Amino acid sequence: MERIISKAIKNFFTKGNQRTLKAKKNILLSLIIKGIHICTTLLVVPITINYINATQYGIWLTLSSILGWLSFFDIGLSNGFRNKFAEAKATGNSMLAKKYVSTTYMSIGVIFICVAIIGFIINLFLHWNIILNVPSSYNNELRKIFNILITFFCLQMILKVITSLIIADQKPALASGISTLAEVLSLIIIFILTQTTQGSLLYLAESISFIPSLVWLITSFILFNTTYKDYKPSIKDIDTKCIKNILTLGGKFFIIQISMIFLFQCTNIVLSNVKGPEYVTIYNIAYKYFSIFNMIMIIILTPFWSAFTEAYTKKDFPWMRNMYKKLQKAWIGISCILIFFLLNSSWIIKLWIGENIQIPFSILCMMAIYILLLSRANLNLYLINGVGKVTVQMYINLFLSIISVPTLIVFLSHFGLEGGILILCITPIIQLIFCNIQIKKILNNDLKGIWNK
């Protein structure tokens, strides 16, 4: 048995070309790092709640989620840059790659400096006690906290351009590792705060906002003076012509992101209004139970986004076809594990959350089907995104975002939560129908018309 395992591990790290081996190593490292991330996330919640009270923690989560929406002000520049940088690097055009780096930093810098300034001005007129439904005594403190949060948030959005560069260089595990390091350091700081200070939302905001910014600043300085020295951003390398190339693709990614957010974020709101808050809890527990399988699939797929950018640029279609077949087999393997978890869901969920909440097996079955379809659709979507031919995907998502809410309301009203999840399944089914056609055209180098946009 030891010999078999040893041989399997050796083959995993030695078989395949350089692009394949790089992807394999990143997948394994990403799985380890994701485990650390999950543990850190689980530990942060109780430590933070013990440091501040439950009301303040709710305020913190709400403010954080509000700022999270501001990330879409990058209008797809990060994803557009990711593909264009990978293309330039694949063709050996270091000067063009450097121009893309410098231009992206400038563009995102201008955007988020403006976002910060507008945020400061608007904050002067906001009544946070009304917005968050808290006592008026919180108002002045919340204004200070919002200014701190938006300052470091915008700074992080600028500094984290290096993340897109690292992922474009097919090193997603490194990007995840840096983010996880920031999370671990933040956890340590929160723990120190619990031992040295009284519970303070202001101290919490300062600490958690500052640490990630510092980590990304130091990381950027080190990488741009070592590994990515040839791509170090500079004012003289800013080329406004590059903005059009980045935005043409980035704008499509932006529309796709917005439509997907609309599709998935509206579910809880509609469900709460049509069926009641208790159904939101049931839905989210069922989703979280199976979502780990989609997360594992995304970890596997992430290195192949930029790998497919490189391969398509170099017209390495045999490698692309080979990897597509292997990724399909990986999805089948993950599906078998998911089915095992479905069949054993009763005692696993009871062990996880206790017996207070009962989830019907019919809902778990529908959710399992949804996650299977979603993860399979992502297999096609990630590879298509790497090639950069996303116009078809953009139109599909726009159409689905328009019809999703009314159809969700109708099916929830007439067929319950199972009907609502059935409607959610329509999204990956339609994506699969069209994206299967497109991925075959990509792999056979037969892209024409709208499929080539």
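Would you point out which residue out of SER413, SER404 is open to solvent by 60 Å² or more (accessible area, probe 1.4 Å), at pLDDT below 85, assigned to a helix (DSSP H, G or I) and hydroxyl-bearing (Ser, Thr, Tyr)?
SER413
Considering only residues of segment 207-233 that are touching a residue at least 24 places away in the same chain (Cβ under 8 Å) and not in a helix (DSSP H, G or I), which is most open to solvent (accessible area, probe 1.4 Å)? So that I can check it myself, show each step before the final result.
If we filter segment 207-233 for residues that are touching a residue at least 24 places away in the same chain (Cβ under 8 Å), which is where we start, we get 209-213, 215-217, 219-220, 223-224, 228, 230-233.
Among the residues that remain, those that are also not in a helix (DSSP H, G or I) are: 224, 228, 232-233.
On the way: PHE224: 13, TYR228: 4, LYS232: 86, PRO233: 47 Å².
Checked segment 207-233; the qualifying residue most open to solvent (accessible area, probe 1.4 Å) is LYS232.
I'd like to know if segment 345-367 contains one or more residues that are within 23 Å of the chain's Cα centre (by Cα) and farther than 15 Å from ILE439 by Cβ.
Of all residues in segment 345-367, those within 23 Å of the chain's Cα centre (by Cα) come to 367.
With farther than 15 Å from ILE439 by Cβ added as a condition, the list becomes 367.
Scanning segment 345-367, I find at least one residue that is within 23 Å of the chain's Cα centre (by Cα) and farther than 15 Å from ILE439 by Cβ, so the answer is yes.
Scanning for something closer than 30 Å to ILE235 by Cα, at pLDDT below 70 and either hydroxyl-bearing (Ser, Thr, Tyr) or not in a helix (DSSP H, G or I) (or both), does segment 46-69 turn up at least one residue?
No - not one qualifying residue is present in segment 46-69.
I'd like the full set of residues that are among the β-branched types (Val, Ile, Thr) and in contact (Cβ under 8 Å) with a residue 12 or more places away in the chain, limited to segment 21-35.
The answer is ILE27, ILE33.
Consider only pairs whose beta carbons are under 7 Å apart and that are at least six residues apart or on different chains; among these, list those whose first residue lies in segment 373-398 and is open to solvent by less than 20 Å² (accessible area, probe 1.4 Å) and whose second residue is not in a helix (DSSP H, G or I).
Pairs that qualify, where the first residue is open to solvent by less than 20 Å² (accessible area, probe 1.4 Å) and the partner is not in a helix (DSSP H, G or I), are ILE384/VAL390; THR391/LYS453.
Is it fair to say ILE292 is open to solvent by less than 60 Å² (accessible area, probe 1.4 Å), part of a helix (DSSP H, G or I) and at negative phi?
In short, no.
Checking ASP446 against (1) within 24 Å of ARG321 (Cβ to Cβ); (2) in a helix (DSSP H, G or I); (3) acidic (Asp, Glu), only one condition comes out false. Which one?
Single failed check for ASP446: (2).
Got at least one residue in segment 135-153 being under 24 Å from SER78 (Cα atoms) and of a type in the set (Phe, Trp, Tyr)?
Yes, the conditions are met somewhere in segment 135-153.
When only residues in segment 185-206 that are free of Cβ contacts under 8 Å to residues at least 60 places away in the same chain and of a type in the set (Val, Ile, Thr) count, which is surrounded by the fewest Cβ atoms within 10 Å (Cβ to Cβ)?
Only one residue fits best here, namely THR196.
Would you point out which residue out of ILE369, ILE332, ILE363, ILE349 is part of a helix (DSSP H, G or I) and either on the phi > 0 side of the Ramachandran plot or loosely packed, with under 15 Cβ neighbours inside 10 Å (or both)? Spell out the reasoning first.
On the way: ILE369 fails: either on the phi > 0 side of the Ramachandran plot or loosely packed, with under 15 Cβ neighbours inside 10 Å (or both); ILE363 fails: either on the phi > 0 side of the Ramachandran plot or loosely packed, with under 15 Cβ neighbours inside 10 Å (or both); ILE349 fails: either on the phi > 0 side of the Ramachandran plot or loosely packed, with under 15 Cβ neighbours inside 10 Å (or both).
It is ILE332.
Residues that are under 21 Å from the mean Cα position of the chain (by Cα) and among the β-branched types (Val, Ile, Thr): find the helices (runs of 4 or more DSSP H) completely inside segment 117-206 holding 2 or more of those.
Passing ranges, in order: 139-159, 161-168, 172-196.
Of all residues in segment 75-116, which are of a type in the set (Val, Ile, Thr), open to solvent by 10 Å² or more (accessible area, probe 1.4 Å) and either under 14 Å from VAL161 (Cα atoms) or under 24 Å from the mean Cα position of the chain (by Cα) (or both)?
ILE75, VAL110, ILE111, ILE113, VAL115
The values are calculated or read from the model by the stated rules, or taken from the named source; none is laboratory data. All values derive from a computational prediction rather than experimental measurement. No Cβ is skipped: glycine too gets one built from the backbone with ideal geometry, and neighbour counts run over all protein chains shown. Side chains included, ligands, DNA and RNA excluded: accessible areas come from the protein's heavy atoms. Shrake-Rupley method; radii C 1.70, N 1.55, O 1.52, S 1.80 Å.
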